[in-house]
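Everything below concerns the one structure shown next.
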């Protein structure tokens, strides 16, 4: 564990809990666990998303190493706990693993995974410090992570004439996740600054307020609901919205920005749980699992940073 501790810090262990829920939600929204593909395909998609997330974190710290020597000297690369060549090899291994797992989930999943890997690389190397493109590209990465699950469940949707009305809930969820993560990334851009950010702190809340109600309307219109959906979905939606609202308002004024970002990342698990429940009864147990991860999340943040 002593040897692995720097790697847990490099890969921001608490954040990893929020990754499998993206393709899981996408898979459920596309199929409701009734797709012709097997459950193994879902696991391939989740493993691919997780591997590519590890790839992104490793590349992020490699690119930021010189800045971290000044601002965050305790991190694994500036402190020397992990060397640059070691981090580079880990990044290559994670990228290859992610692409291979995506291929096991199908050609459509591989195409989405390749686009995700390219977006991750573009963000870290070219777009990170851009005021608009940086947060937006980070949000796109999360949206593509959800689409990875969609591609695993319904590869036919990714053909020329594949997307239809049935894909609407998945597209709304993808847009919502993209906008939410873009909003919290915009807040995180000035993590080390005490300057006021205007209306930026409200962006995550606005993203959820637009998309979560739209998702249940779309699901209801397509009759993808059961009797348990209104109560459970409404509960999760209100909880996610309340957290985002407090983090953009009252809590933003009193908590350090690192804690605000950490809380927004944790809120992703509630958002993903709501996306799972939007498909109806099939999403109940996956949603409960994500809620359990949300309870575990704070324990890990006591030892490992998220941002």
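The values are calculated or read from the model by the stated rules, or taken from the named source; none is laboratory data. Remember, predicted model here, so these are calculated numbers, not experimental data. When we count neighbours, we look across all protein chains shown, and the Cβ atoms used for this are built from the backbone with ideal geometry, even at glycine.
At a glance:
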read-out	value
Residue in region 286-302 that is farthest from the chain's Cα centre (by Cα), counting only those that are within 17 Å of residue 231 (Cα to Cα) and surrounded by fewer than 20 Cβ atoms within 10 Å (Cβ to Cβ)	288
Qualifying residue in region 171-183 (condition: on the phi < 0 side of the Ramachandran plot, modelled with pLDDT under 90 and crowded, with 20+ Cβ neighbours inside 10 Å)	no
All positions within region 249-268 that are in a helix (DSSP H, G or I) and more than 19 Å from the chain's Cα centre (by Cα)	250, 251, 252, 253, 254, 257
Hey, residue 140 more than 21 Å from residue 273 (Cβ to Cβ) and crowded, with 19+ Cβ neighbours inside 10 Å or not	yes
Selection count, region 98-146, where residues are under 17 Å from the mean Cα position of the chain (by Cα), under 14 Å from residue 186 (Cβ atoms) and part of a helix (DSSP H, G or I)	9
Filter pass, residue 59 being closer than 24 Å to residue 125 by Cβ and surrounded by 22 or more Cβ atoms within 10 Å (Cβ to Cβ)	yes
Filter pass, residue 17 being more than 14 Å from the chain's Cα centre (by Cα), in contact (Cβ under 8 Å) with a residue 40 or more places away in the chain and within 20 Å of residue 173 (Cβ to Cβ)	no
In region 60-97, the residues that are within 19 Å of the chain's Cα centre (by Cα) and over 24 Å from residue 303 (Cβ atoms)	95, 97
Residue match in region 74-90 (condition: closer than 28 Å to residue 177 by Cα and surrounded by fewer than 22 Cβ atoms within 10 Å (Cβ to Cβ))	yes
Matching residues in region 271-285 - criterion: being more than 16 Å from the chain's Cα centre (by Cα) and in a helix (DSSP H, G or I)	277, 281, 282, 283, 284, 285
